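The values are calculated or read from the model by the stated rules, or taken from the named source; none is laboratory data. What you see is a predicted model, and the numbers here were worked out from it, not measured in a lab. Because the Cβ atoms are built from the backbone with ideal geometry, glycine has one as well, and the counts that use them run over all protein chains shown. Surface accessibility is based on the protein's heavy atoms, side chains included, excluding ligands, DNA and RNA. Shrake-Rupley method; radii C 1.70, N 1.55, O 1.52, S 1.80 Å.
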Amino acid sequence: MASVTLENIQKAYGDVQVVRGVDLAIADGEFVALLGPSGCGKTTTLRMIAGLEEPTGGKVLIGDEIVSNPAQNIFVPPEKRRLGMVFQSYAVWPHMSVAQNVAYPLKLQGSGRAERDVAVQRALDMVQLGHLGKRMPHQLSGGQQQRVALARALAMEPRVLLLDEPLSNLDAHLREELRREISLIRARTGLTIVYVTHDQEEALALADRIVILDGGRIRQAGPPPEVYTAPVDAFVGGFIGKASFLPVDLVGSGVKVAGVDVAVDAEGLPEGPAQLMLRPEAIVLSESGIPAKVTSVTYLGDRHELWLDIAGTAVRAHVETPAAPGDQVHVSFTRVKLFPVDSP
Amino acid sequence: MQRAVVRELRELGWLAVIAAVAGGAMILFSALPLVVLLLGSFWTDAGVSLEPLVRALSNPETWEATFVTLGVAFGTAAVTVLLGVPAAWLLARTDLPGKGVLKTALSMPYAIPPYIMAIGWITLLNPRNGALNSLMGLSGDAAIDIHATWGIIMCLGLSYFPLVMLQTHSALMGMDPSLEEAARTSGASPMRVVFTITLPLSVPAIASGALLTFLIGMASFGVPYLVGNPGRVKVLTTAIYAAIDVGTDEHVAEAVALAVVLGVVAALALVANRWLVKRGRALTGGKAGRPSLVALGRFRVVAAGALWGLVGFALLLPLSVLVVTSFLGTYGKGLVAENLGLSNYASVLGDTRTLGAIWNSLWLAAVAATICVLIGVVASYFRSRTTIPGRAFLPWFAELPYAIPGTVLAMGFILAFSQEIWFGLTDVFYIRVLLFNTAWILLAAYCVKYLAYGVRASDAALTQIDKSLEEAARTSGASPLRVVVGVVLPIMRPALVAAWVLVFLPVLGEITMSILLFGPETKTLGVLLFDFQSYESPPKAAVLATLLALTVLGGNLLVKRLSGGKLGI
Ligand SMILES: Nc1ncnc2c1ncn2[C@@H]1O[C@H](COP(=O)(O)OP(=O)(O)OP(=O)(O)O)[C@@H](O)[C@H]1O
Ligand SMILES: [Mg+2]
């Protein structure tokens, strides 16, 4: 196991900058999720760690070893990095049995036959496929194939485990099951893991630290609760959770919504137009307060999702008591965050 | 149930009539000749007997021709794999410069009739006055003599390696790149990935390509005839032609027996191919993506040089020799300015006999292409869009004659149609047809042979059209016939034009069947070209070959544009 350090890494395809200077230090044994909208450069970043893509600038270190630094003309190819990688499309080799798939990296490491068989069995057991070693991949379900891929990556005892949206091709039920298993395996092995996903729930549930990427740059990196409750900008706030944003005017150190005072932390913000971030669960229906009109109601099982019209802006709220479209209600906010308008 | 079928047939109107006529014609012109051929091989004046077959099989010459044929077929398959697979890998998986142009250039030899390239090679490497021999100062016994089995294999291999290359290339492009990347991160070097992942996963595609070139090598006539005959190297197809050429009953019986042998071997290879294709489908799948490319480093230039060298050998060298020959005044005099001119073109294009042959081939190719596309559309539409029982018969049946060696098919035609056929209900209402020595027998043979192209192109185009488009037209009140004419055909048009050209081009220069079926009034371009090359004047042959090659290359580029790069070279 090893740490991973990215120092100002960059990737350009021709004139297109895809990753624009990412700095990230991943500690030994840490589980980091790379999260962001489609095309933000998550996969590219992960592939640069793996060595499947050569950065156009910056340094990549695994442990203390510099594996990539164009300035010094250093590039260690993927086969020399000993990193396990799991792909979205499983990438289980169809011409080899399950056991042969898992044994492949061990063979290349030069381990002996008996030793290999033990390691293969152990890896297959770890993903609950101990009994299916003789099967061919086309005889397995998608979830089972992804387990084979996981076993193959684990069997080689990688320094770092890299996963690129490993669960996106699975249905919701399987996804949750495999997600739980990944966190068990992680607890058991203590592996350093870099996990790419565009599913915020996965990131929140699994990672020690979430790194939010946008346009090839890191917007925020921090433990899940921090990213959720203290987003550094409106983009992060909007990306994690289903926040709505109300346009407001900052006067002195306070704002008014529909004429009602709302307490905010306005430190460091200039006076003038600003936007107020509202999480759905931070909106409560109350006797008095800010007037709002219910425009639509969706029953979600454990709660109701309301779309409210607050001072002309559509706002999403999750509440426990039902309401009907057209109702005039009052709301108050348990938690808000103020951002300048120019942040996207 | 039955009423539903009747109603559907009535709704389909003319389409159903065309399908029925086409089905009948296919039975008459494809099943009947083959059955007659098979029967003819043990049917003698004295009744049923295995005697002709036994006589043919006990003749050592039959065995020799069979062995040479198999040698040519294996050799062709081997050469096409050895050239095609590395070329495909370099094009699909490396940072080779100029890949797009290279791929097109490497595909071109496949488009040109192989006997044309062979004529070029004979001009270069014949022992008497081969240009390369004189250039290297080789003469007499030291001269390289192309008139041997290796010469046949070389010509066929250089003409058909693009087939293996293209098939392997598309398998490589369809492969999920993460399969190879997973091997890299597992610790495999790029070369190891090639041999443990890439190649094993492409084996079905390579093998099916190799089987195809094996079949082509076995069925080829033009190249073994031109290259092999002067050296007395006989393969089954040329042996059949020689026997028919002699024409005595005994020789015809021998030709029939040989054709049966050829047909049986081809059928076995075909069955193997089906199996491979099915297996290949199980291995591929997953989503294709942008594969990571192997950086060739300093081998980049070497590899590009090697592939351009291959283009030179397989295309430019034999073709330029032909072009030069076509301008030569006196064949023996060599390449000097005063010996160059347009005299050959003038004599070829000013000769009514030549113009007649060109005209024959042009109209036969045009009509055959039209028929193949028309029937192809109907057949493929019936299969994919109707529920009529037996709808799969025609598309399925069309593949049969395509796979059967042209020589075998033509032998069937000779046996089945050399007498008058009599269609009639009574002594009063009947028609009598004699197809032999008419253009119609050639037309029928071409259509039967190339119908598969029409069906395949229509199949491909139809699967691109979402059924809901047609259903929308139906629900807006259009009859099935109107839907086909008004909606389906316009959408399919570019694909069908491409298919038309793809039938037209090979028919234009067809030789294998034409040489057995042409009559005194119906000489075709290919037959005339062979006459010129063998007996009359190589420069005149070069003129026809040059014109044909240019037409074919131009046509293929047209097809490529029409099909958005999917068809043609
Ligand atoms: N080989 C390439 N050539 C050109 N552009 C590329 C290449 N690979 C990726 N890109 C571009 O780089 C950007 C980032 O791609 P990347 O695959 O890293 O996104 P991602 O964050 O993983 O997105 P997704 O969630 O859709 O997987 C995209 O805009 C993509 O189009
Ligand atoms: Mg991605």
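What number of residues in the stretch A:14-58 are assigned to a strand (DSSP E or B), touching a helix residue (DSSP H, G or I) at 6+ places or on another chain (Cβ under 9 Å) and within 16 Å of ligand 2 (Cβ to nearest atom)?
6
Quick one: in the stretch A:156-166, of everything that is within 9 Å of chain B (Cβ to nearest Cβ) and aliphatic (A, V, I, L, M), which residue is surrounded by the most Cβ atoms within 10 Å (Cβ to Cβ)?
A:Leu162
Name the one entry in B:Val507, B:Val485 that is surrounded by 22 or more Cβ atoms within 10 Å (Cβ to Cβ) and of a type outside the set (Gly, Ala, Ser).
Unique residue meeting the criteria: B:Val507.
Mind checking which residues of the stretch A:40-78 are more than 14 Å from chain B (Cβ to nearest Cβ) and either of a type in the set (Ser, Thr, Tyr) or at positive phi (or both)?
Across the stretch A:40-78, the qualifying residues are A:Gly41, A:Thr45, A:Thr56, A:Gly58, A:Gly63, A:Ser68.
Scan the stretch A:109-131 and tell me whether some residue there is at pLDDT below 95, within 16 Å of ligand 1 (Cβ to nearest atom), in contact with a helix residue (DSSP H, G or I) (Cβ under 7 Å, 6 or more places away or on another chain) and assigned to a loop (DSSP other than H, G, I, E, B).
no
Looking only at the stretch B:496-546, how many residues end up being among the hydroxyl-bearing types (Ser, Thr, Tyr) and not in a helix (DSSP H, G or I)?
Qualifying residue count for the region: 4.
How many residues does the stretch A:59-108 hold that are free of Cβ contacts under 8 Å to residues at least 12 places away in the same chain, more than 13 Å from B:Gly187 (Cα to Cα) and not in a loop (DSSP other than H, G, I, E, B)?
Number of matching residues: 6.
Any chance the stretch B:217-239 includes a residue that's among the hydroxyl-bearing types (Ser, Thr, Tyr) and modelled with pLDDT under 85?
no
Name every residue in the stretch B:182-234 that is charged (D, E, K, R) and within 14 Å of chain A (Cβ to nearest Cβ), in order of residue number.
Answer for the stretch B:182-234, where residues must be charged (D, E, K, R) and within 14 Å of chain A (Cβ to nearest Cβ): B:Arg184, B:Arg192.
Tell me whether the stretch A:259-268 contains one or more residues that are at pLDDT below 90, open to solvent by less than 40 Å² (accessible area, probe 1.4 Å) and either under 27 Å from A:Asp23 (Cα atoms) or in a strand (DSSP E or B) (or both).
Yes, because at least one residue in the stretch A:259-268 is at pLDDT below 90, open to solvent by less than 40 Å² (accessible area, probe 1.4 Å) and either under 27 Å from A:Asp23 (Cα atoms) or in a strand (DSSP E or B) (or both).
Looking only at the stretch B:163-222, which residues are β-branched (Val, Ile, Thr) and out of contact with any strand residue (DSSP E or B) (no Cβ under 6 Å at 6 or more places or on another chain)?
The answer is B:Val164, B:Thr168, B:Val193, B:Val194, B:Thr196, B:Ile197, B:Thr198, B:Val203, B:Ile206, B:Thr213, B:Ile216.
For the stretch A:1-36, which positions are near ligand 1 (Cβ under 7 Å from one of its atoms), in contact with a strand residue (DSSP E or B) (Cβ under 7 Å, 6 or more places away or on another chain) and farther than 11 Å from A:Val211 by Cβ?
Of everything in the stretch A:1-36, just one residue is near ligand 1 (Cβ under 7 Å from one of its atoms), in contact with a strand residue (DSSP E or B) (Cβ under 7 Å, 6 or more places away or on another chain) and farther than 11 Å from A:Val211 by Cβ, namely A:Val18.
Here is a yes/no grid of residues against (1) closer than 16 Å to A:Ile185 by Cα; (2) surrounded by 15 or more Cβ atoms within 10 Å (Cβ to Cβ); (3) small (Gly, Ala, Ser):
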position	(1), (2), (3)
A:Pro94	no, yes, no
A:Ala103	no, yes, yes
A:Gly112	no, no, yes
A:Asp117	no, yes, no
A:Met126	yes, yes, no
A:Leu129	yes, yes, no
A:Met136	no, yes, no
A:Ser141	no, no, yes
A:Ala149	yes, yes, yes
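Looking only at residues in the stretch A:36-90 that are among the charged types (D, E, K, R) and within 16 Å of the chain's Cα centre (by Cα), which one is surrounded by the fewest Cβ atoms within 10 Å (Cβ to Cβ)?
A:Arg47
Identify the single condition in (1) open to solvent by less than 10 Å² (accessible area, probe 1.4 Å); (2) within 16 Å of ligand 1 (Cβ to nearest atom) that A:Thr192 does not satisfy, given that it satisfies every other one.
Result: A:Thr192 passes all but (2).
Is it the case that B:Gly98 is on the phi > 0 side of the Ramachandran plot and either modelled with pLDDT of 95 or more or in the same structural domain as B:Gly231 (by TED's automatic domain parsing) (or both)?
Answer is yes for this residue.
Take the stretch B:28-66 and flag every residue that is within 24 Å of the chain's Cα centre (by Cα) and exposed (fewer than 13 other Cβ atoms within 10 Å of the Cβ).
none
A:Phe87 versus (1) within 16 Å of ligand 1 (Cβ to nearest atom); (2) away from every other protein chain (no Cβ under 12 Å): which is the lone unmet condition?
So A:Phe87 meets the others, but not (2).
Restricting attention to the stretch A:200-213, report how many residues are open to solvent by 40 Å² or more (accessible area, probe 1.4 Å) and either within 12 Å of ligand 1 (Cβ to nearest atom) or at pLDDT 95 or above (or both).
2
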